[in-house]
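Undergrad: My questions will all concern the structure given below.
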Amino acid sequence: MVIFEPTSMLGWLMVGLMAGAIANQFLSRRSFGMEADIGIGVLGAFAGGLTVSLGSQGQANILASMTAAFVGAVLVTKLARSLPRGSTA
């Protein structure tokens, strides 16, 4: 049984917020805007943190969880920006 600690989830949220904001500043090509980039970062951080927590049966240390959250945020942001967008015409 996996138990999610509120501190881990709060950490993922913080990492996602930071990764989304950084992505908005440094990956300006094909940006979705500040709010959307931060939201995408948070989704990626939760995906990465959750993956590590589930894979380690809840025994992941906080550094591994935060690292995975950061990597997840970056990967999801890159993926979202690489998807084709619909025409605005």
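The values are calculated or read from the model by the stated rules, or taken from the named source; none is laboratory data. As the structure is a computational prediction, the values presented were derived from the model and not from experiment. Here Cβ is always computed from backbone atoms with ideal geometry, including for glycine, and neighbour counts include all displayed protein chains.
Undergrad: For residues that are surrounded by 12 or more Cβ atoms within 10 Å (Cβ to Cβ), modelled with pLDDT of 75 or more and small (Gly, Ala, Ser), tally how many sit in the range 1-39.
TA: Residues meeting the conditions: 7.
Undergrad: Could you tell me whether Phe46 is at pLDDT 70 or above and within 16 Å of Leu83 (Cα to Cα)?
TA: Considered against the rule, which asks whether it is at pLDDT 70 or above and within 16 Å of Leu83 (Cα to Cα), Phe46 comes out as no.
Undergrad: Considering the range 54-68 alone, what residues qualify as being at pLDDT below 80, of a type in the set (A, V, I, L, M, F, W, C) and surrounded by 19 or more Cβ atoms within 10 Å (Cβ to Cβ)?
TA: Ala60, Met66
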